[in-house]
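No lab work stands behind these numbers, since they all come straight from the coordinates. Being a predicted model, the structure only gives us computed values, none of them experimental. Neighbour counts are summed over all protein chains in view; Cβ atoms, including those assigned to glycine, are modelled from backbone coordinates with ideal geometry.
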Amino acid sequence: MKNKLICILDYGSGNVKSVFNLLKFIGSNVIISNDSTSIKKATHLILPGVGSYGTSMEKVKQKLPISVLENEVLINKKPFLGICVGMQLLVKKGYEYGEHSGLGWLPGTVEKINVKSHPLPHIGWNNAIIKRESKLFTGLENINDFYFVHSFAVKTKERFILTATEYEIEFCSSIQKDNIYGVQFHPEKSQRAGIKLIQNFLQVS
């Protein structure tokens, strides 16, 4: 972990400090930054997220150097993790309070969870049912309770779905495309499972 530098992308999201504290707890070399130089120096990038899709995307466009970020992630293939809304922004479009364009690094949309008897937002502990193998979930087959707070979820092609979660219906709760990962839940609030997942992410190179 000592030879790795994790950059938490700072665009004004509310859970940045919690993610930072988790990484410091596990002994990581971590910074919070939206600076191009920091993004280029980092070995791993994390995009947190709390709030609505459209508002979050506007902040990303205003505060992050997207061309630099895309070069590091899409060309240089640095490991990237989107958390909650940070995961949702990875796909092409979101339909929370209107239609909004996202980063478009994966195909898909973000839509309201289509429940009839369960309340929204979906808040609390729930399972992540593993759909395909990934280094991100190594050792998490039996400790996969994660903490969720959301009303919208990603819809994407099956080959990108790592896990699904049951909440009246089944929704996508994590995704991967090559070096790009996303989780709908909050690892920073998920205790043992969250710590293990972040440790797994830091082992990806």
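Net length available on complete extension from Leu5 to Lys41 is 12.2 nm, with 0.36 nm assigned per residue and the Cα-Cα distance removed.
Put a dot 7 Å past the Cα of Asn21, heading toward its Cβ, do the same for Arg132, and the two dots end up 3.6 nm apart. Estimated at 0.36 nm per residue, the fully extended path between Glu141 and Ile195 surpasses their Cα-Cα distance by 18.0 nm.
Taking 0.36 nm per residue of separation and subtracting the Cα-Cα distance, what length does fully extending His118 through Ile75 add? Can you show the working numbers first?
Details: separation 43, 0.36 × 43 = 15.48 nm, distance 4.17 nm.
Gain on stretching His118 to Ile75: 11.3 nm.
Taking 29 Å as the cut-off for C-alpha to C-alpha distance, list the pairs among Lys77/Lys196; Lys40/Lys61; Lys40/Lys131; Lys59/Lys112 that go past it. Lys40/Lys131, as the Cα separations exceed 29 Å there. Is the shape of the stretch 1-82 rounded, prolate or oblate, going by the alpha carbon gyration tensor and its root eigenvalues a ≥ b ≥ c, with a/c under 1.5 for rounded and a/b larger than b/c for prolate? Oblate, because a/c is 1.5 or more while a/b does not exceed b/c. Taking the Cα atoms of the chain, the ratio Rg/Rh between the radius of gyration and the Kirkwood radius comes to 0.93.
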